[in-house]
1. Please enumerate the residues belonging to the range 63-109 that are at positive phi and open to solvent by less than 80 Å² (accessible area, probe 1.4 Å).
2. Under the condition of being among the hydroxyl-bearing types (Ser, Thr, Tyr) and at pLDDT 90 or above, which residue from the range 154-181 is least open to solvent (accessible area, probe 1.4 Å)?
3. Quick one: is residue 143 modelled with pLDDT under 90 and crowded, with 18+ Cβ neighbours inside 10 Å?
4. Any idea which residue in the range 110-127 is farthest from residue 69 (Cα to Cα), counting only those that are in contact with a helix residue (DSSP H, G or I) (Cβ under 8 Å, 6 or more places away or on another chain) and open to solvent by less than 70 Å² (accessible area, probe 1.4 Å)?
5. Is one or more of the residues making up the range 38-60 at pLDDT 85 or above and within 24 Å of residue 166 (Cβ to Cβ)?
6. Would you confirm, using the coordinates I've provided, whether residue 137 is acidic (Asp, Glu), at pLDDT below 95 and either surrounded by 14 or more Cβ atoms within 10 Å (Cβ to Cβ) or in contact with a strand residue (DSSP E or B) (Cβ under 6 Å, 6 or more places away or on another chain) (or both)?
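The values are calculated or read from the model by the stated rules, or taken from the named source; none is laboratory data. Keep in mind it's a predicted model, so treat the numbers as computed, not measured. Every residue, glycine among them, receives a Cβ derived from its backbone with ideal geometry; neighbour counts consider all protein chains shown. Each accessible area value is taken on the protein alone, full model and side chains, heavy atoms only, with ligands, DNA and RNA left out. Shrake-Rupley method; radii C 1.70, N 1.55, O 1.52, S 1.80 Å.
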Amino acid sequence: PWDTGRGGGAAPVVDNRPDRPKRPPAPAGGPSGPARNDRRPPVALLRQSGAPEAPPEPAPGLDRLDELAGTFRNAGLRVEVARADQGTTLPAAVGLAAYRIIQEALTNVQKHAGPEARAEVSVVRVGPNVEITVLDDGCADDPPDPVSGGGHGLLGMRERVTALRGTLTTGPRYGGGFRVHAILPVKTRSAATGQPGETV
């Protein structure tokens, strides 16, 4: 009801009748305002309340060398593996570098050495070092560039070896094919302090 008393203006009249249920005032934001949104938990909270994410897989090392070689064999590359590392357990950083060097070298063979190429991988423990050698007998028309890396993974190999204070030699073989030879110290050293790290 409205009171149209003096002055002709209309003013709301407070309804004090107890027999009528009273509605609570609408929120300032309307149906989509804060009061309505408070009933819905944020999406981020819903995600956080779910199952925890699976822990990341450990970095690959030479314990997965046979699996790596099998992957290339399944792709059609003939790969032979010889190991004389006397069961050496490498620090994680060294094992990962060795795995990636072999992976990148075999990728180069697959891409650049020709369809009939054969690769040989050897892992040998020599004193305080582990030596990784990957050879192929292919005759590629576009062999990797051992100096610049040529975008064929050699630059990445060199960076990995340098970070561990090792040495890397790459280049064509006499009579055809390509050779990758890495010497990695089994005992790692911190690049910042030069102090020995994890040992075997």
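1. The answer is 76, 87.
2. Going residue by residue through the range 154-181, those that are among the hydroxyl-bearing types (Ser, Thr, Tyr) are 162, 167, 169-170, 174.
Filter once more, keeping what is at pLDDT 90 or above: 162, 167, 169-170.
Working: 162: 90, 167: 74, 169: 73, 170: 25 Å².
Going through the qualifying residues, I end up with 170.
3. Values: modelled with pLDDT under 90: yes; crowded, with 18+ Cβ neighbours inside 10 Å: yes.
In short, yes.
4. Taking the range 110-127 first, the residues in contact with a helix residue (DSSP H, G or I) (Cβ under 8 Å, 6 or more places away or on another chain) are 110, 117, 119, 121, 123.
Narrowing the set further to residues that are open to solvent by less than 70 Å² (accessible area, probe 1.4 Å) leaves 117, 119, 121, 123.
On the way: 117: 15, 119: 10, 121: 9, 123: 13 Å.
Here the residue is 117.
5. yes
6. yes
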